[in-house]
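Read the structure below first, then the notes.
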Ligand code: UD1
Ligand code: CA
């Protein structure tokens, strides 16, 4: 029995981040931190989910295109208590509990929200605060309890004296409140504090003043409620997510030679018996098959990589598809819409963009393939380039199956090479070549005899100087 609504606070700028980007959009392991909070709330199946946005509201809305989520805009942003007030119109006809959370606490888990709600209901509480006990409470609101251990107040660090600062039970910023009570308490909140803001935390003292008991749910696992206020907090929280992702992958059969030195976004899939070297980043919607080797310095974003693929030192792959058995790099650059066929080889200093490279094809050294289709088993010689851009438009190069392209060939697109043809080294190909033909376009070689004093110095001449 759930029947609660959730209000997520995400309107603040996040001044302590010292950033032009609002805090909740900063990425934790590749995803905006607010997305984690929202995901947990949705998994806990709240009845209604309201996001309070304000600073860069449009950007936040855009980042969270999830059905069933309602947005309200808090403008200006006068504090967490002020923010919750903006959800009131949307909850007018809702008579139940309101779960309030902050968008900067991304590690909260759905099971914790369920336990919290159960605790709240079992006690028939009207206001419950989630707290936790930490070694270093700096930056958090402190939970003040009376002699009977009942929660009576939350005091923000800036408003606390030394005695209160020494308390290490902190406010996680997560609350469950009966909706009618919530909005009546909020009306009492005044911005009388060091920051001159409307503090949501003040509803606790207001409830106590009205003799309404406030329950405290103490969460054992403090890590889950780590709030992000600074870049240092962001790094700490990111490390926890990366640790989890790495642990899951290792347990599923992936070898990480130095786990702490690989950065894998949440949601990236990697098959068993794949070996990942240090200094590797796997980002976005990347999928990697089994028995692959990924060498140091590789960055892969939004790619689909098959099985038994080797991706060698220093390669960068973005929005590309690499099929089983292919080999990429060292120092290769696969740009969007590169599709590399089975057992194909893309070697050092090869760049591929918007191109389909057929099964078994090879471009082993120093090549640019842009806007092209390269057939099966084609061999592209060293230094070959597709000249795809005429200064106005991009054009395609099509090379059919089984062609052999000598070194240092330029294909001036649009151009098409028929199946099984041979292109002589050093050729500039400007016209289509039929199947099973040899095309060469280079000036005939001439030989002249050098006279004394011409050309490079000989060893004898050197000695004379
Ligand atoms: C808040 C709590 C503090 C608690 C901590 C837990 C208050 C007054 N303090 O402090 O007791 O220990 O969280 O992490 O509530 N926001 C708005 N509108 C505003 C201001 C803030 O939507 O006008 C949002 C922010 O975007 C953020 C959240 O509320 O997601 C919390 O704001 P923040 O300024 O980070 O509060 P803390 O100082 O961390
Ligand atoms: Ca915070």
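Thinking of region 16-77 as a set of Cα atoms, what percent of all their pairs are more than 13 Å apart?
Values: 1205 of 1891 pairs.
Tail fraction, whole percent: 64.
Would you please put 355-363, 237-245 in order of how densely packed they are, using the mean number of other Cβ atoms within 10 angstrom per residue and starting with the highest?
Numbers: 355-363: 22.7, 237-245: 17.8.
The packing order, highest mean first, is 355-363, 237-245.
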Inset, instruction - Determine the percent antiparallel among the DSSP beta bridges restricted to the chain, to the nearest 5. - result: 20
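Provide 351, 47 in ascending order of the number of other Cβ atoms located within 10 Å of each residue's Cβ, fewest first. Before the final figure, lay out the partial values.
Working: 351 20, 47 14.
In order of increasing Cβ crowding within 10 Å: 47, 351.
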Inset, instruction - Find the percent of Cα-Cα distances in the chain that exceed 36 Å, and round it to a whole number. - result: 49
Legend entry - Nearest 10 degrees, 0 to 90: helix 110-122 Cα axis against the chain principal axis: 10
Legend entry - Whole-Å semi-axes of the ellipsoid equivalent to region 254-439 (Cα gyration tensor, √5λ, descending): 32, 15, 13
Inset, instruction - Report the calculated FRET efficiency for residue 92 and residue 394 (r = Cβ-Cβ distance, R0 = 51 Å), to the nearest 0.05. - result: 0.40
Legend entry - Beta bridges by DSSP in region 1-134, antiparallel share as percent, to the nearest 5: 10
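Express in nm, to one decimal, how much length is gained between residue 73 and residue 147 on full extension, taking 0.36 nm for each residue of separation and deducting their alpha carbon distance.
Numbers: separation 74, 0.36 × 74 = 26.64 nm, distance 4.08 nm.
Answer, rounded to one decimal: 22.6 nm.
Take every Cα pair under 8 Å in the chain that's 6+ residues apart, average their separations, divide by the length, and report that relative contact order as a whole percent.
Values: 1182 pairs, mean separation 35.8, N = 465.
Relative contact order here is 8 percent.
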Inset, instruction - Taking the Cβ of each residue in 17, 247, 130 as the centre, tally the other Cβ atoms inside 10 Å and list the residues starting with the fewest. - result: 247, 17, 130
Inset, instruction - For region 7-59 and region 250-326, write down the distance between their C-alpha centroids in whole Å. - result: 29
Inset, instruction - Can you tell me the relative contact order of region 125-175? Whole percent, Cα pairs under 8 Å, sequence separation 6 or more. - result: 51
Inset, instruction - Run the numbers on region 4-225 and let me know its relative contact order in percent, using alpha-carbon pairs under 8 Å that are six or more apart. - result: 23
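Of the peptides 180-189, 401-410, how do they stack up when ordered by the mean number of other Cβ atoms within 10 Å, highest first?
401-410, 180-189
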Inset, instruction - Kindly work out what percent of the DSSP beta bridges joining two residues of region 217-376 are antiparallel, to the nearest 5. - result: 0
Inset, instruction - For the chain, find the longest principal axis of its Cα atoms and tell me its angle to the long axis of helix 179-188, 0 to 90°, nearest 10. - result: 80
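What is region 32-165 by shape, rounded, prolate or oblate, if you read a ≥ b ≥ c off the alpha carbon gyration tensor as root eigenvalues and call it rounded for a/c under 1.5, prolate for a/b larger than b/c, and oblate otherwise?
prolate
As a footprinting exposure proxy, order 437, 319 by other Cβ within 10 Å, with the fewest listed first. Each step should come with its number before you reach the end.
Details: 437 12, 319 16.
Final ranking by Cβ density, sparse to dense: 437, 319.
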Inset, instruction - For helix 33-43, report the angle its Cα long axis makes with the longest principal axis of the Cα atoms of the chain; keep it between 0 and 90° and round to the nearest 10°. - result: 70
Inset, instruction - Using only alpha carbons, build the gyration tensor for region 144-199 and give me the equivalent ellipsoid semi-axes, biggest first, whole Å. - result: 21, 17, 10
Legend entry - Mean Cβ count within 10 Å, highest first, over the residues of peptides 24-34, 264-274: 24-34, 264-274
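A short reminder: the numbers here are calculations on the coordinates, not readings from a lab. Here the structure is a predicted model, which means the values were calculated and not measured. Every residue, glycine among them, receives a Cβ derived from its backbone with ideal geometry; neighbour counts consider all protein chains shown.
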